[in-house]
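Readers should treat all values here as calculations from the given coordinates under stated rules, not as data from a laboratory. Note that the structure is predicted; figures quoted are calculated from it, not measured. Neighbour counts are summed over all protein chains in view; Cβ atoms, including those assigned to glycine, are modelled from backbone coordinates with ideal geometry.
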Amino acid sequence: MKENSTRLYIASTAEFADKELYERAYQRMTTERKQKTDRFRLDRDRKLSVGAFLLLDYGLEKRGIEDWKRGLWYNENGKPYLADGQGIYFNLSHSGEYVACAVSGEEVGCDIEMISGQKMDIARRFFSPSEYELLLSEKTEQKKRELFFRLWTLKESFIKAVGKGLVMPLDSFSIVFQGDEILVEQTYDKNKYYFREFSAAEGYCCSLCGLDPEIGRKDKAVCEYVSFLELFSNRKR
């Protein structure tokens, strides 16, 4: 893998129904992450926290980075980075029972969402006018719902790639579908951002955004589905 290439890792936490597997995964985490995980009230959220950490550990290990647990630092908008840099960027997301982790040599963002009910009221309040008009043009409620979550994950992945967090209003930029290409109309910087969508699982939307041009190349495989059970079966340490 070349140094600045991008990879997206996706995994299901359903495997953590195996209590022994969950405990092994939990014990791999740092004390700080364990404390954060323990504060979650719902079992589902604890599993997502463990799964996200495990995917990050796996993705960085694939880059030859095994000492990253010394700590993370955060920018002014809360985006995490490796404490010692090393020219590697990452981003995490989770929803339902799935977790996603993007690792890249460039700024990167990812978002995964479980498709749920109608969200036109949210789109009307927070999407750009052109995005809302695009939603209205869909003929069925199902198509509107699917497009909403496509736009939502694309917008979230862009915000996370830029690193602005909640200070960037969702209606301050627009996602544009131009043939097979996905573009973003924005005035925050002059960088070219690339997008890719993935079918993480039935009933989920997942998007990746970043500065690496290979993200936008459909002939480049950038996504890997990870089994936590197989991961631990193959580990020697």
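Assorted remarks:
- Among 92-98, 104-110, 196-202, 218-224, the peptide with the highest mean count of other Cβ atoms within 10 Å heads the list, and the full ranking is 104-110, 92-98, 196-202, 218-224.
- When each of Lys155/Lys220; Lys62/Lys155; Lys164/Lys190; Lys139/Lys218; Lys160/Lys218; Lys79/Lys144 is checked by Cα-Cα distance, pairs over 20 Å: Lys155/Lys220; Lys62/Lys155; Lys139/Lys218; Lys160/Lys218; Lys79/Lys144
- The calculated Kirkwood hydrodynamic radius for the chain is 18.6 Å, given to one decimal from all distinct C-alpha pairs.
- Value of [θ]222 nm, deg cm²/dmol, for the chain, DSSP H segments ≥ 4, -39500 (n - 2.57) each, nearest 500: -10500 deg cm²/dmol
- Where labels lie 7 Å past Cα in the beta-carbon direction, separation of Val167 and Leu229 in nm: 4.5 nm
- Membrane-span-like helices in the chain, defined purely by DSSP H runs whose alpha carbon atoms cover 24 Å or more axially and whose average Kyte-Doolittle hydropathy reaches 0.5, do not occur.
- Using a Förster distance of 30 Å, the FRET efficiency for Lys192-Arg44 (Cβ separation, nearest 0.05): 0.20
- For region 97-174 versus region 1-80, the gap between their alpha-carbon centres in whole angstrom: 24 Å
- Potential extension, Thr140-Glu185 segment - 0.36 nm per residue separation minus Cα distance: 13.5 nm
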